[in-house]
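Read the structure below first, then the notes.
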Amino acid sequence: MKISRRSFVETIFKAVAAIPILSLVVTFLQSCGNSNPSSPSNSTTPSVPTSSSFQTIHTTANNGKITLSIDSSSSLANVGGAAYVDYQSGSILVDRANNDSFNVLSSTCTHQGCTITNFDTSTKQFICPCHGSQFNLNGQVVVGPARTSLTAYQNTFSNNQLIIDLNAVIT
């Protein structure tokens with residue numbers, strides 16, 4: 001079978017024209033292909049490491065309340081300390097604001113629902129590993145793409161016991 005010059009040129013033109021389109025499709029699929037919102041996005045992962053003072057505390061919630069004992073080995077023992085608290089149905093971020101009070105925040109980024117797992121000790125900011133949103137100790141957005149603050153929870157501190165009420169949101 002003999003191919004005409006016109007048919008050959010048309011085939012080559014279509015193939016060459018398809019390359020940029022395929023490149024865009026592949027790039028789009030790679031950027032959106034990560035279905036796990038807790039996993040970092042390769043293109044925008046911040047370079048801030050998780051601080052060693054950002055301790056992970058594993059505990060349980062009973063009737064929507066978490067009780068943490070704050071002793072000298074806890075990263076929450078000193079003002080400015082922070083912890084990632086993991087419990088059976090979620091996680092929260094806690095920092096010690098002063099001797100008698102703590103900030104307790106949702107660890108779910110308000111941008112796309114990734115779990116915030118990083119804390120920058122120099123800037124005192126929680127950082128989302130997925131897209132780099134940064135939140136101050138009160139949960140307010142410092143750097144986007146997130147636009148809304150983290151949910152804050154009521155808590156009480158007495159006799160080295162921090163009681164967090166997950167049913168009581170601070171507005």
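Here are a few things to note about the model shown:
- Phe102 satisfies every condition listed in (1) modelled with pLDDT under 95; (2) in a strand (DSSP E or B) except (1).
- Scan of the range 149-171 for residues that are more than 24 Å from Ser73 (Cα to Cα) and out of contact with any strand residue (DSSP E or B) (no Cβ under 7 Å at 6 or more places or on another chain), ordered by number: Asn167, Thr171
- In this entry, Thr123 is excluded by the filter for residues that are modelled with pLDDT under 95 and under 10 Å from the mean Cα position of the chain (by Cα).
- When the range 137-171 is filtered for residues that are hydrophobic (A, V, I, L, M, F, W, C), within 13 Å of the chain's Cα centre (by Cα) and under 22 Å from Ile70 (Cβ atoms), only Leu150 remains.
- Residues in the range 67-99 that are outside any strand (DSSP E or B), over 22 Å from Phe135 (Cα atoms) and not hydroxyl-bearing (Ser, Thr, Tyr): Ile70, Asp71, Gln88.
- The residue of the range 67-86 that is modelled with the lowest pLDDT, among those that are more than 16 Å from Gln161 (Cβ to Cβ) and among the hydroxyl-bearing types (Ser, Thr, Tyr), is Ser75.
- Selection of the range 73-98 for residues being among the charged types (D, E, K, R) and either buried (at least 19 other Cβ atoms within 10 Å of the Cβ) or touching a Gly at 6+ places or on another chain (Cβ under 6 Å) (or both) yields Asp95, Arg96.
- Those residues of the range 118-171 which are among the hydroxyl-bearing types (Ser, Thr, Tyr), out of contact with any Gly (no Cβ under 7 Å at 6 or more places or on another chain) and either touching a residue at least 60 places away in the same chain (Cβ under 8 Å) or buried (at least 21 other Cβ atoms within 10 Å of the Cβ) (or both), in sequence order: Thr121, Tyr153
The values are calculated or read from the model by the stated rules, or taken from the named source; none is laboratory data. Only a predicted model underlies this, so the values are computations on that prediction, with no experimental measurement involved. Cβ: placed from backbone, ideal geometry, glycine included. Neighbour counts: every protein chain shown.
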